[in-house]
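The values are calculated or read from the model by the stated rules, or taken from the named source; none is laboratory data. The structure displayed is predicted, hence computed values, not measured ones. For neighbour counting, all protein chains shown are included, and Cβ atoms are generated from backbone atoms with ideal geometry for every residue, glycine included.
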Amino acid sequence: MAKKRHTTSPNREAGYLFLKPDYDRLLQEISDLKQRAKDVGKEVGLSVTQSSETWHDNYGYEEGQRQYMVISGRLRELFDIAGKSSVVAPSPNPKMAGIGNTLIVRNTKTKTRKTITLGSWLTWNKNHISYHSPLGQALYGAKVGDTREFAHGDKTDTFRIEDVR
């Protein structure tokens, strides 16, 4: 079978695709960051009352402002992702690799075999790779028997798909 270079991920108009556990984790991350922003705000307020110096010479105030800016930037990013997300379930009888499916692949050069699970756009599961990652994009949509190339750095690996579950 001819090698197929596959570089597209799922339809971008669909937004960001998440498995339910990862979407729940995204919402928890947002909740945690909102609480952290409130805590930092309180710390900033406290730092202003505890210093006899002006606000621009107050390390606690400046550090709190910096932390607040970082947290609020991440919150904006995660709110945007959550607002454009859909929760999907893995196919119970997959004919091709999709989100939540596990693939058994063999490197055609080294003959090593790997088990790879395609995860959500953002995943907190250390055993999953995002479908949006370079390797995830290369494997997404693959069928048993397909060969996919994965370029990383100055190296290219070729994987043969042995199973999709």
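Miscellaneous remarks
- Members of the stretch 73-107 that are surrounded by 15 or more Cβ atoms within 10 Å (Cβ to Cβ) and more than 21 Å from Thr123 (Cα to Cα): Arg106
- Exactly one residue out of Thr112, Thr102, Thr123 is of a type in the set (S, T, N, Q), at pLDDT 95 or above and within 14 Å of Leu19 (Cβ to Cβ): that is Thr102.
- Any chance Pro90 is part of a loop (DSSP other than H, G, I, E, B) and touching a Gly at 6+ places or on another chain (Cβ under 7 Å): yes
- Scanning the stretch 74-100 for residues being under 24 Å from Gln28 (Cα atoms) and in contact (Cβ under 8 Å) with a residue 24 or more places away in the chain gives a total of 15.
- Scoring Met96 on the criteria (1) in the same structural domain as Thr147 (by TED's automatic domain parsing); (2) modelled with pLDDT of 95 or more leaves a single failure, condition (2).
- Checking each residue in the stretch 115-145 for being without any contact (Cβ under 8 Å) to a residue 12 or more places away in the chain and either surrounded by fewer than 13 Cβ atoms within 10 Å (Cβ to Cβ) or in the same structural domain as Glu77 (by TED's automatic domain parsing) (or both) picks out Lys126, Asn127.
- Taken over the stretch 19-44, the criterion of being part of a helix (DSSP H, G or I) and among the hydrophobic types (A, V, I, L, M, F, W, C) is satisfied by Leu26, Leu27, Ile30, Leu33, Ala37, Val40, Val44.
- Test: residue in the stretch 56-68 that is of a type in the set (Gly, Ala, Ser) and either closer than 28 Å to Asn125 by Cβ or buried (at least 16 other Cβ atoms within 10 Å of the Cβ) (or both): yes
- Inclusion of Gly98 among residues that are in a loop (DSSP other than H, G, I, E, B) and touching a Leu at 6+ places or on another chain (Cβ under 8 Å) is warranted.
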